[in-house]
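Asks: Just passing along the structure, written as structure tokens.
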Amino acid sequence: MRKKSDKKQELDFDPIFLIASLMLLSLGAVMVYSSSFFVSKEIYASGIFLIKKHLIHLCIGLCIMFSLMSLDYRIFRSKFLGFFALGGGIIALCLCFMPGIGLSGGHAKRWISVFGFTIQSSEIVKISLVFFIAQFLSRRSKSIGDFSEGVLPVLCITSLVALLIFIEPDFGTAAVIIVWSMMVLFVAGMKWRHISVMILAGVPIGFLLLLAAPYRRSRLIAFMNPWDHMQDIGFQIVQSMVGFAKGGILGTGLGEGTQKLFFLPAPHTDFILSVVGEELGLLGVLSVIVLFGIWIWRAFSIALATNDSFGFYLVIAAGSLIGLQVVINAAMSMSLVPTIGLGLPFISYGGSSMITATAASGIILSVSKRARL
């Protein structure tokens with residue numbers, strides 16, 4: 001009887017978390033189709049070109065999620081696998097600058113071509129960092145109060161990754177990597193004085209880097225007063241806010257939005273939440289927020305239920321990575337933070353970001369299935 005009970009428990013996973021993940025993916029597919037149809041028709045002469053690519057990304061993502069869910073997450077505890085994944089992620093970032101492999105777009109070198117597939121290297125390295133940080137903190141959890149032993153190694157690795165991403169250039173993702181690593185270190189028990197010193201040192205540096213490039217200065221100026229620049233640098237954020245205003249409480253109806261008709265740049269990527277706001281209204285936006293809230297709540301509940309430090313840090317790292325991106329994208333769409341070019345996980349169009357989100361879900365489901373034995 002004991003063996004039967006153990007076997008049943010081993011087959012368990014968090015159904016609420018899984019359902020929330022699948023609902024977000026389903027909503028994303030619907031909204032990508034609605035928001036990308038006219039853009040796709042204009043660029044590719046087919047209104048369904050982008051949604052077909054998105055559905056392929058979705059199928060690949062689901063395969064990754066269920067594959068990771070079926071694996072025992074404890075196999076990733078190996079130091080060799082962790083450093084191999086981290087090294088692979090850093091190499092992928094370096095390949096962005098290699099002629100013939102690295103691909104440019106919008107004056108940025110963020111992608112590589114592998115066997116005909118275009119991959120955004122920064123999205124791949126995020127998952128590599130999840131494994132690295134979880135492994136490191138599970139081994140050094142008792143020395144996290146010591147800056148040189150418990151904090152500095154993580155900051156050195158994440159700073160190197162952030163630097164490579166920054167020079168692509170991609171200031172937003174580099175900033176997310178740094179903030180996210182500090183969040184995980186804080187949960188691990190980093191001392192307040194270490195946090196204070198890093199914030200006092202990091203904020204001025206970040207602000208100077210923000211001002212260093214003309215396009216980043218323009219984004220900051222547009223954020224501070226977009227209505228004074230609504231015909232040029234503030235156009236994107238003004239159109240996003242117009243979309244939310246048009247939607248009201250109930251929205252204009254699915255597929256009936258007008259901001260995606262070349263008024264709102266990137267309607268199917270960075271500003272897809274604005275399309276949700278226009279077509280599904282405040283209730284639609286709140287539904288998206290609630291789904292993400294359930295996803296994050298269940299992720300952290302799974303972390304607290306684990307009896308294994310590696311599983312705990314794995315879920316904390318994966319869950320906070322997605323959660324932070326959700327908060328920043330939503331704030332960006334509503335002009336609460338400057339525009340930094342960051343998609344909404346699960347919802348926005350993008351194959352590499354889809355892999356990151358579904359891989360994070362698969363990792364968390366694997367932990368939920370096994371870590372409470």
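The values are calculated or read from the model by the stated rules, or taken from the named source; none is laboratory data. Source: prediction; values computed, not measured. FYI the Cβ positions are ideal-geometry reconstructions off the backbone, even for glycines, and counts take in every protein chain you see.
Asks: List the helices (runs of 4 or more DSSP H) that sit entirely inside the stretch 209-306 and contain at least 3 residues that are buried (at least 20 other Cβ atoms within 10 Å of the Cβ) and at pLDDT 90 or above. It would help to see each step written out before you state the result.
Replies: Numbers: elements: 214-224, 235-247, 272-305.
Answer list for the stretch 209-306: 235-247, 272-305.
Asks: Among the residues in the stretch 96-112, are any out of contact with any Pro (no Cβ under 8 Å at 6 or more places or on another chain), farther than 25 Å from V315 by Cβ, touching a residue at least 24 places away in the same chain (Cβ under 8 Å) and in a helix (DSSP H, G or I)?
Replies: Looking for residues that are out of contact with any Pro (no Cβ under 8 Å at 6 or more places or on another chain), farther than 25 Å from V315 by Cβ, touching a residue at least 24 places away in the same chain (Cβ under 8 Å) and in a helix (DSSP H, G or I), one finds none in the stretch 96-112, hence no.
Asks: Can you report the number of residues in the stretch 344-373 which are crowded, with 24+ Cβ neighbours inside 10 Å and within 11 Å of the chain's Cα centre (by Cα)?
Replies: Total meeting the criteria: 11.
Asks: Among the candidates F292, F300, F223, F271, which residue alone is in contact (Cβ under 8 Å) with a residue 60 or more places away in the chain, more than 20 Å from I347 (Cα to Cα) and either touching a Pro at 6+ places or on another chain (Cβ under 7 Å) or not hydroxyl-bearing (S, T, Y) (or both)?
Replies: F223
Asks: Condition check: under 15 Å from the mean Cα position of the chain (by Cα), under 22 Å from H54 (Cβ atoms) and surrounded by fewer than 19 Cβ atoms within 10 Å (Cβ to Cβ). Does G341 satisfy that?
Replies: yes
Asks: Same structure again: Residue check: is S121 closer than 24 Å to G341 by Cβ and either at pLDDT 95 or above or not hydrophobic (A, V, I, L, M, F, W, C) (or both)?
Replies: Yes; evaluated as a whole, the condition is true for this residue.
Asks: Being of a type in the set (A, V, I, L, M, F, W, C) and touching a Lys or Arg at 6+ places or on another chain (Cβ under 9 Å) is the filter; apply it to the stretch 162-181 and report the residue that is nearest to R216 (Cα to Cα).
Replies: F171
Asks: Now for a separate question. Can you pull out the residues in the stretch 323-360 that are farther than 18 Å from V184 by Cβ and either outside the structural domain of S240 (by TED's automatic domain parsing) or part of a helix (DSSP H, G or I) (or both)? Explain how you work it out, then say what you get.
Replies: The first filter runs over the stretch 323-360 and keeps only residues farther than 18 Å from V184 by Cβ, leaving 329-344, 346-355, 358.
Result: N329, A330, A331, M332, S333, G351, S352, S353, M354, I355, T358.
Asks: Then there's this: Taking I60 and the conditions (1) surrounded by 14 or more Cβ atoms within 10 Å (Cβ to Cβ); (2) in the same structural domain as K126 (by TED's automatic domain parsing), which numbered condition does it fall short on, given that it satisfies the others?
Replies: So the condition that I60 fails would be (2).
Asks: Which one of these is touching a strand residue (DSSP E or B) at 6+ places or on another chain (Cβ under 9 Å) and in the same structural domain as F166 (by TED's automatic domain parsing): G100, G88, G82? Spell out how you get there, then give the answer.
Replies: On the way: G88 fails: touching a strand residue (DSSP E or B) at 6+ places or on another chain (Cβ under 9 Å); G82 fails: touching a strand residue (DSSP E or B) at 6+ places or on another chain (Cβ under 9 Å).
Answer to the selection: G100.
Asks: When residues of the stretch 115-154 are filtered for being more than 17 Å from T356 (Cα to Cα) and not basic (K, R), how many remain?
Replies: Residues that pass the stated criteria total 19.
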